[in-house]
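Contents: one structure, followed by commentary.
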Amino acid sequence: MDANLLSGFLRLQELVGGNVTVIFLSEIVWEKFRPNTGCFEPLIICFPDYSKAELQQILSLDHHPEYSADLYASYINILLGVFYSVCRDLKELRHLAALNFTKFCEPLVKGEAKESDTHRLWRNIEPHLKKAMQTVYLREISSSQWEEMQQKEGELHLKGLSAHAHVELPYYSKFLLIAAYLASFNPARADKRFFLKHHGKIKKTNFLKKHEKTSNHLLGPKPFPLDRLLAIFYSIVDSRVAPTANIFSQISSLVVLQLLALVGHDDQLNSPKYKCAVSFDFIRAIARTVNFEIVKYLYDFL
């Protein structure tokens, strides 16, 4: 986009001298659009998520012509019963509905059940929906690969970077996950070296102790407190972010998606601790989607 185009639209009323209102619709936060040269700040209105009843109504409109609308509505009701607690995104739910509907109809095609036999249809689809929970928001496999996976009794193990080439986490969730990985695999006292601009030259040997001579990646992820996670996050994100409830809800979503693990006792409400639960290939794939060179911030690669 031309640098002056957005500024021009924001000043359109002034430029044309008339009563003109410009409305922008975006799923990306305004901070990613704001020009460096400055401009009029728009009035930001955040729309609430769809309720479960609204999602049920919208998704039911996509019913397959070969089956009744009531059957598809009951299928959507089952789908939302499984995914609504962790996913409210309409596009993602629509993708999941299209991906698993063939499996839902399998007993009907084989003549083992009728459309009214919802209990049998539910028992057939339940284990596959639970397995699909592992790929919510993450395009780990294509639709055709997922269908092949459904036909096999064993699990399909995908290895390498290609398995996580398309990640559709929210923008700030990616940086939160990167920050969590850095907190899990870097010693805490190395944070000054990586995240302060004027830290001076510090040799790696000054940090080393006997127990640190082994690679941190071989020792596995270490727990870290919430305040350290947020400190690293605000250091690496490329724009100023206010500590809002949205950031904390995204941390909770990462825990639900099993990308972060909450460790410690349940009564530690003031200082929860987390562990990063993803592999190096996985986090490197995520870092590439936001143009972040994670290797430069990892203690093991100094």
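The values are calculated or read from the model by the stated rules, or taken from the named source; none is laboratory data. Nothing here was measured: the structure is a model prediction, and the numbers come from that model. Note: ideal-geometry Cβ built from the backbone for every residue, glycine included; neighbour counts use all protein chains shown. Note: areas computed on protein heavy atoms with side chains; ligands, DNA, RNA excluded. Shrake-Rupley method; radii C 1.70, N 1.55, O 1.52, S 1.80 Å.
Go through 293, 106 and list them by solvent-accessible area, largest first, probe radius 1.4 Å. Mind dumping the intermediate values first?
Values: 293 115, 106 55 Å².
Accessible-area ranking of 293, 106, largest first: 293, 106.
Between residue 69 and residue 130, what's the calculated FRET efficiency when r is the beta-carbon distance and R0 is 25 Å? Round to 0.05. Please list the in-between numbers first.
Numbers: r = 26 Å, r/R0 = 1.04.
Taking R0 as 25 Å, the efficiency between residue 69 and residue 130 is 0.45.
What ranking, highest mean first, results for peptides 111-118, 125-132, 14-21, 226-233 when packing means the other Cβ atoms within 10 Å averaged over each residue?
Values: 111-118: 12.9, 125-132: 15.4, 14-21: 8.5, 226-233: 17.8.
Peptide ranking by packing, descending: 226-233, 125-132, 111-118, 14-21.
Can you give me the solvent accessible area of residue 76 with a 1.4 Å probe, rounded to the nearest 10 Å²?
0 Å²
Between residue 45 and residue 219, what length comes free when the chain is fully extended (0.36 nm per residue of separation minus the Cα-Cα distance, one decimal in nm)? Let's see the in-between values first.
Working: separation 174, 0.36 × 174 = 62.64 nm, distance 4.61 nm.
Fully extending the segment from residue 45 to residue 219 adds 58.0 nm.
Order the following by accessible area, largest value first: 50, 67, 72. Probe radius 1.4 Å; ligands, DNA and RNA are ignored.
These residues rank, largest area first, as 50, 67, 72.
7 Å from Cα along Cα→Cβ at both residue 31 and residue 110: what's the point-to-point distance in nm?
About 5.1 nm, to one decimal.
Sorted by accessible area (1.4 Å probe), largest first, how do 29, 237 line up?
Working: 29 55, 237 15 Å².
If we order 29, 237 from most to least accessible, we get 29, 237.
All other residues with a Cβ under 15 Å from the Cβ of residue 55 taken together, and with Lys, Arg as +1 and Asp, Glu as -1, what is their net charge? Please report the intermediate quantities before stating the final value.
Numbers: positive: 52, 88, 91, 94; negative: 49, 54, 62, 89, 92.
Residues near residue 55 contribute -1 overall.
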